[in-house]
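The values are calculated or read from the model by the stated rules, or taken from the named source; none is laboratory data. Everything quoted here is computed from the prediction, not taken from an experiment. Note that we place each Cβ from the backbone using ideal geometry, even for glycine, and neighbour counts take in every protein chain shown. Note: accessible area is taken over every heavy atom of the protein model, side chains too, but ligands, DNA and RNA are not part of it. Shrake-Rupley method; radii C 1.70, N 1.55, O 1.52, S 1.80 Å.
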Amino acid sequence: HLYSCLFSMSNNKPQFPLKRTNGMWNLTIHREKCIRFTVLIDGSCLNIDLYYNKAFNQIDEEFKSYSVNLRPDYTLLITNDSKPDHYYIINFDAKYKSKPKDPSEMTDIDAITSTDCWEFDICKMHTYRDALLHSFGSYVLYPGNRGILYPKPLRDEDWNVRHLQIIPSVGAICMIIQIG
C-alpha cells in the first residue's frame, strides 16, 4: 500500500519490486536499499526515498538515533531540491494484529483509545518519533477500521490548534485490503 501510494503520486515511476521466481511472485524490497520517488507540489520538487528496515544508530549522521539502535519497518526520507540541507523522516511500522472485536477479551486499559490498534504500538511510535533525529512522524500500519493521529504541538500556544496539524505526530493508520 505504501509503495502504491507513493507510486501514484510520483512523477517518476520506479520499477515495482515484484519478481517471478520458480512460478511464484515475490516482493523484493531489499533491506536498507532506497527506492526514489519524485513528487511535484506547488512547483517544488520533493524527493521521497523509501527504505525497508533502515537502521538508525548513534554513528550515522543522516539516520541517527540518539539512544539505542532502532530499525522501523519502513522509512521515508523527504528532501526538497531547493533546500538540499533540510530533510524530514517519517517512519511506519507494520503490525499484523488489532484489538479483538469481543469487548470481554479487552482490559480497561485496552479500551482507552477509540482505535482498533493496541496502545503499546502507539507507544512504540513515540519511541521512533522521539529517539530518531529528524523524525517528524511515526505511524503503526495495522489491519483495522479506525485509525488515529496524535498531532504534537510545536509550541505551547499551538496546543489548542493541534487538530489542524498532521505532522509532527504519531498514530495508527488502518490498512484494509479488499479482495475481489
Out of (1) at pLDDT 85 or above; (2) aliphatic (A, V, I, L, M); (3) surrounded by 11 or more Cβ atoms within 10 Å (Cβ to Cβ), the odd one out for Leu18 is which? (1)
Counting just the residues of the stretch 61-93 that are open to solvent by 20 Å² or more (accessible area, probe 1.4 Å), part of a loop (DSSP other than H, G, I, E, B) and at pLDDT 90 or above, which one comes out nearest to Ser10 (Cα to Cα)? Asp73
In the stretch 168-180, which residues are modelled with pLDDT of 70 or more and open to solvent by 20 Å² or more (accessible area, probe 1.4 Å)? Ile173, Cys174, Met175
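Every residue, every condition in (1) within 28 Å of Phe56 (Cα to Cα); (2) more than 17 Å from the chain's Cα centre (by Cα); (3) at pLDDT 80 or above, yes or no:
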{"position": "Leu6", "(1), (2), (3)": "yes, no, yes"}
{"position": "Ser10", "(1), (2), (3)": "yes, yes, yes"}
{"position": "Gly23", "(1), (2), (3)": "no, yes, no"}
{"position": "Asn26", "(1), (2), (3)": "yes, yes, no"}
{"position": "Ile29", "(1), (2), (3)": "yes, no, no"}
{"position": "Cys34", "(1), (2), (3)": "yes, no, yes"}
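Is it the case that some residue within the stretch 98-116 is within 23 Å of Leu6 (Cβ to Cβ) and either open to solvent by less than 20 Å² (accessible area, probe 1.4 Å) or at pLDDT below 80 (or both)?
Going residue by residue through the stretch 98-116, those that are within 23 Å of Leu6 (Cβ to Cβ) are none.
No: the stretch 98-116 contains no residue that is within 23 Å of Leu6 (Cβ to Cβ) and either open to solvent by less than 20 Å² (accessible area, probe 1.4 Å) or at pLDDT below 80 (or both).
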Selection over the stretch 131-156 where residues are modelled with pLDDT under 80 and either open to solvent by 60 Å² or more (accessible area, probe 1.4 Å) or among the hydroxyl-bearing types (Ser, Thr, Tyr) (or both) yields a count of 6
Residue count, the stretch 71-94, condition closer than 19 Å to Ala172 by Cα and among the aliphatic types (A, V, I, L, M), comes to 4
Residue under question is Leu40, and the condition is that it be of a type outside the set (Val, Ile, Thr), modelled with pLDDT of 90 or more and surrounded by 11 or more Cβ atoms within 10 Å (Cβ to Cβ); does it hold? no
